[in-house]
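Right, one structure below, let's go through it.
The values are calculated or read from the model by the stated rules, or taken from the named source; none is laboratory data. From a predicted model like this one, the values you see are computed outputs, not experimental measurements. For neighbour counting, all protein chains shown are included, and Cβ atoms are generated from backbone atoms with ideal geometry for every residue, glycine included. Please note that ligands, DNA and RNA were not included when accessible areas were found on the heavy atoms of the full protein model with its side chains. Shrake-Rupley method; radii C 1.70, N 1.55, O 1.52, S 1.80 Å.
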Amino acid sequence: MGVLYDYFHAADHTSAVDQAIGPGGDWLRGTSLEEAGADWIDAKGLDPNVVLGQLVAHAEGIPFADQQDAPDLVWPEPPYPQGEPTDPGSPWNTGLVLQQLPDRWRDILAALPEDAVPMVAAQWYEIEEVDFTDYLDAKDTIDTFTALASRARTAGAHLYCRCSL
C-alpha cells in the first residue's frame, strides 16, 4: 500500500481539519471525506508538493524550479517533535498530514483554458515522479483537478490535501 492523497476544498483550516481529520483534530473520531460531505477527489499517489506543483508550473508556463510557493502544513500543527515521536497518542504518529495549497495554485488551475489542457497534459505526462497509464490518464487527471479548483474558487474556498500513510 502506498501513500494516498485526497484533495478537497473547505472554507478555512478549522473546517478542513474537521472534515479530513476529525472534529477539532480528533483523528480517533474522524470519518471519510465522503461521510463528512466534502467535495473531494482521490488522487492516489499524486503528492501536492512535487507532482501537483509541477502541474501548476506547466499550467503557468514556468519551470518547476521557479515555483515561488508551496503547500502549507495545517495538521498536525508544527513544530515537528525532535527525534522520533515517542507518545503513541501524538498526532505525528497517526500517518495523517493535512496541507493547504496556495490559493494562487487554485486560481491557476481554475483558470486553465480548456484548449491549453492537451499541451499541459503532454508536459505533465513526461514527469518522472508519476507513471500515468497514458497521455489520456494525465489529461483526465488535469480535468479533474481543474474542475475541483473551479468549484473551490466559486465557493470562495481553499484547496487542501490530506495525505494518508
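Data overview
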quantity: Accessible area per residue, Å², the chain with all protein chains present, probe 1.4 Å; calculated: 53
quantity: Percent carbon-and-sulfur accessible area, the chain, ignoring ligands, DNA and RNA, probe 1.4 Å; calculated: 52
quantity: Most to least accessible of His158, His13 (protein chains only, probe 1.4 Å); calculated: His13, His158
quantity: Top positive-direction residue, dipole computed over the chain with Cβ charges, set Thr146, Tyr5, Pro79; calculated: Pro79
quantity: Electrostatic dipole magnitude of the stretch 61-156 [Cβ: Lys, Arg +1; Asp, Glu -1; Cα centre; debye, to 20]; calculated: 420
quantity: Square roots of five times the Cα gyration tensor eigenvalues for the stretch 1-42, Å; calculated: 16, 13, 9
quantity: Full-stretch length increase - Ser150, Glu126 - with 0.36 nm per residue and alpha-carbon distance subtracted; calculated: 6.1 nm
quantity: Magnitude of the charge dipole, the stretch 1-103, Cβ model with Lys/Arg +1 and Asp/Glu -1, debye to 20; calculated: 220
quantity: Label-point separation, Ser32 to Ala116 (7 Å along Cα→Cβ), nm; calculated: 3.5
quantity: Ellipticity estimate at 222 nm from DSSP helix runs (n ≥ 4, -39,500 (n - 2.57)) divided over the chain, nearest 500; calculated: -10500 deg cm²/dmol
quantity: Helix 135-155 axis, angle to the chain major axis (alpha carbon atoms, nearest 10°); calculated: 60
quantity: Diffusion constant of the stretch 1-85 at 37 °C, which comes from Stokes-Einstein with the Kirkwood Cα-pair radius and 0.692 mPa s, µm²/s; calculated: 222
quantity: The chain - Kirkwood radius from inverse mean 1/r over Cα pairs (Å); calculated: 16.4
quantity: Listed residues Asp26, Asp72, Asp103, most fluctuating in the chain (Gaussian network, C-alpha, under 10 Å); calculated: Asp26
